[in-house]
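Undergrad: Structure below; questions to follow.
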Amino acid sequence: MNLHEYQGKEILASFGVQIQRGLVAQTPEEAVAAAKQLTEETGTSWFVIKAQIHAGGRGKGGGVKLAKNLEEVASIASQIIGMDLITPQTPPEGKPVHQVLIAEDVYYPGASEPDEYYISVLLNRASGRTMIMYSTEGGMDIETVAEETPHLIFTEEIDPATGLLPFQARRIAFNLGLSGNAFKEMTRFVTSLYKAYVNSDSSLFEINPVLKTSDDKILAVDAKVSIDDNALFRHKDYEAMRDLREENPVEVEARAVGLNYVDLDGNVGCMVNGAGLAMATMDLIKQAGGEPANFLDVGGTADAARVETAFRLILKDPNVKAILVNIFGGIVRCDRVAQGIVDAYKNMGDAIQVPIIVRLQGTNADIAKDLIDNSGLEVHSAVEFQEAADKVQEVLL
C-alpha cells in the first residue's frame with residue numbers, strides 16, 4: 001500500500017525522524033490557513049506547495065512550487081489542486097491532484113546552500129536482507145545516478161538477527177562525508193529511519209532528498225513509503241490511510257470481492273486459480289504472441305457468480321482481445337468450474353464480445369470439456385498447454 005508524502009512523514013516523525021513540517025490542504029482556503037498555522041508554529045515565512053499523488057518526479061511536472069507569501073500560497077494551491085499532474089511515473093494522461101502539502105521552507109534565506117542526500121531502506125531480494133541504499137547525490141533520480149555515476153551509490157546490508165548496528169549507522173554518515181554535529185545527527189537519523197521501516201512493516205522507505213541544513217540539522221524533506229499489504233492487519237491506523245482515489249479502480253473493485261487482480265498492459269485477459277499457474281499462463285500467452293492484460297487469481301471457489309465477476313473485471317479493459325481461462329481442478333472440480341463459465345456466459349449475454357479459451361485439468365476434466373463443447377457457446381476448450389497456446393494464437397490472428 002502506497003502512502004502520500006505527508007502520511008509517510010507522519011510515520012517517520014512517530015519514530016523520532018526529523019522531518020520538514022507541513023499540513024495538508026484540499027482547497028486554496030485551507031492552504032492559506034495551513035500556511036498561517038505553520039508561521040505560528042515554526043516561524044517560516046516562505047512555503048513549499050507540494051502536490052500529493054502516488055508518483056515521483058512531481059517537481060518536474062509543476063507539482064512542487066515555492067510561495068513567498070500568503071497570496072502566492074493561495075494562487076499556487078489553486079493551480080495545483082485539480083490539475084492532472086504528469087510526471088515520469090504517472091500514466092500519459094497524468095494523475096488528478098486532490099490535495100497539497102503546505103510545508104515549511106527549510107532552505108534558509110541568506111544561508112549557505114544546504115547539502116542533499118538520498119537514503120532508502122528496502123529489501124535486497126538477492127540476499128534476503130534489508131538494505132540501506134544511500135548517496136551524496138540527493139534530489140536526483142537515483143536511476144540516473146546508478147547509470148552515470150554508480151560509484152556514488154553505497155549500500156549497507158543489515159543482519160536480521162542483530163538489526164542495524166551502531167557502527168553501520170556511523171559508516172553511512174562517514175561515507176556521506178559528514179563530520180561534527182552533522183555526523184551525529186545523521187547517525188541518529190539513519191537509526192530512527194531503520195526503526196520506522198521495521199516497526200511499520202514497510203517494504204520501502206525512500207527519502208529523496210535528505211537535507212543537511214546550514215545549522216547541521218538532518219531532515220527528511222520528502223518521503224515515499226510503501227507498507228506491506230500482508231501486515232496491515234497489525235496496523236489498522238495505517239490501513240485507514242489508504243487513498244483509493246490513487247489506486248486502479250478495477251483493482252479496488254476486485255479486492256472488495258476477494259479476487260486477486262493486477263492490471264497489466266496486454267491484450268489477452270487471463271483467469272486462473274493459483275499464483276504459480278497464473279505466472280505460467282502469462283508465459284503461455286507471451287509464447288503465443290500475445291501480451292497478458294492482467295493477473296487474476298480466482299482462488300479455489302470458482303463458482304458461477306465468482307467467474308462472472310472475474311469476466312466483468314477483465315472486460316473493463318478495452319484492450320482485451322481474448323480471454324484465457326486456465327483452471328487446475330484440485331480443490332475445486334473442473335465440471336463445477338465449467339458449469340460456472342457456461343452460466344456466467346449466458347448471464348452476461350452480449351457483454352462478452354471476445355473469444356474465450358478454456359483449459360481445465362484435474363478432477364472431472366473430461367466431464368468439464370464435454371460441458372464446454374456441448375454448451376453451444378463461443379467458447380473454445382483445450383486440454384494441453386500447447387493446445388491452449390495455439391488457440392490463443394489462432395484467435396489473435
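Undergrad: Is the C-alpha gyration tensor of the chain telling us rounded, prolate or oblate? Criteria: a/c under 1.5 is rounded; beyond that, a/b larger than b/c is prolate, otherwise oblate.
TA: The shape class here is prolate.
Undergrad: How tilted is helix 5-14 with respect to the longest principal axis of the chain? Cα atoms for both, answer in degrees (0 to 90, nearest 10).
TA: 60 degrees
Undergrad: Between their Cα atoms, which of 68/224; 236/316; 36/212; 36/224 are more than 29 Å away from each other?
TA: Violating the 29 Å limit, Cα to Cα: 236/316.
Undergrad: Could you check the simple spin-label distance between residue 175 and residue 343, using points 7 Å along Cα→Cβ, in nm with one decimal?
TA: For residue 175 paired with residue 343, the spin-label model returns 5.9 nm.
Undergrad: If you don't mind, there's one more thing I want to ask. Given R₀ = 22 Å, FRET efficiency for residue 157-residue 279 by Cβ-Cβ distance, to 0.05?
TA: 0.20
Undergrad: Give, in nm to one decimal, the length gained when the segment between residue 75 and residue 260 is fully stretched (0.36 nm per residue of separation minus the Cα-Cα distance).
TA: 62.3 nm
Undergrad: Rg over Rh of the stretch 216-260, using C-alpha atoms and the Kirkwood radius, what does it come to?
TA: My calculation puts Rg/Rh at 1.12.
Undergrad: Shifting gears a bit: If you take the charge dipole of the stretch 21-105 about its Cα centre, with +1 on Lys and Arg Cβ and -1 on Asp and Glu Cβ, which of 74, 35, 86 is farthest toward its positive end?
TA: Selected residue: 86.
Undergrad: Right, next: If the only charges are +1 at each Lys and Arg Cβ and -1 at each Asp and Glu Cβ, what is the size of the charge dipole of the chain around the Cα centre, to the nearest 20 debye?
TA: 700 debye
Undergrad: Further, regarding this structure: Using a simple charge model, +1 on the beta-carbon of Lys and Arg, -1 on the beta-carbon of Asp and Glu, nothing else, what dipole does the stretch 89-227 show about its Cα centre, in debye to the nearest 20?
TA: That gives a dipole near 620 debye.
Undergrad: Classify the stretch 72-134 as rounded, prolate or oblate, taking a ≥ b ≥ c as the square roots of the eigenvalues of its Cα gyration tensor: rounded when a/c is under 1.5, otherwise prolate if a/b is larger than b/c and oblate if not.
TA: oblate
Undergrad: Just how large is the dipole of the stretch 21-105 about the Cα centre, in debye to the nearest 20, putting +1 at every Lys and Arg Cβ and -1 at every Asp and Glu Cβ?
TA: The dipole of the stretch 21-105 has a size of about 300 debye.
Undergrad: Roughly how large, in nm² to one decimal, is the mean projection of the convex hull of the alpha-carbon atoms in the stretch 135-226?
TA: One quarter of the hull surface, i.e. the mean projection, equals 6.2 nm².
Undergrad: Name the residue farthest towards the positive end of the dipole of the stretch 248-396 from the options 386, 352, 309, assuming +1 on Cβ of Lys and Arg, -1 on Cβ of Asp and Glu, about the Cα centre.
TA: The Cα lying farthest towards the positive end belongs to 309.
Undergrad: Assuming 0.36 nm per residue, please report the length gained on full extension of the stretch residue 126 to residue 45 beyond their Cα-Cα distance.
TA: 24.5 nm
Undergrad: Another question, if that's okay. Which values, in whole Å and largest first, are the semi-axes of the equivalent ellipsoid of the stretch 248-396 obtained as the square root of 5 times each eigenvalue of the Cα gyration tensor?
TA: Over the Cα atoms of the stretch 248-396, the semi-axes work out to 20, 17, 15 Å.
Undergrad: Further question on the same structure: So what is the diffusion coefficient of the stretch 9-132 in µm² per second by Stokes-Einstein at 25 °C and 0.890 mPa s, using a Kirkwood Rh over Cα pairs?
TA: The estimated diffusion coefficient comes to 154 µm²/s.
Undergrad: Sticking with this one: Can you give the local net charge around residue 322? Use residues other than it whose beta-carbon is closer than 10 angstrom to its beta-carbon, Lys and Arg +1, Asp and Glu -1.
TA: Its environment carries a net charge of +1.
Undergrad: What does the charge count around residue 374 come to, taking other residues whose C-beta lies under 13 Å from its C-beta (Lys +1, Arg +1, Asp -1, Glu -1)?
TA: Around residue 374, the charge tally is -3.
Undergrad: Moving on to the next point. Counting other Cβ atoms within 10 Å of each Cβ, which trypsin sites (Lys or Arg not before Pro) in the stretch 119-208 have at most 14 and sit in a DSSP loop?
TA: Passing sites in the stretch 119-208 are 125.
Undergrad: Separate question: State the answer as a single residue: which of 149, 134, 162 lies farthest towards the positive end of the charge dipole of the stretch 110-179, with beta carbon charges of +1 for Lys and Arg and -1 for Asp and Glu, about the Cα centre.
TA: 162
Coordinate-derived values only; no laboratory data. Because the structure is a prediction, the values reported are computed rather than measured. Heads up, the Cβs are rebuilt from the backbone with ideal geometry, glycines too, and the neighbour counts pull from every protein chain shown.
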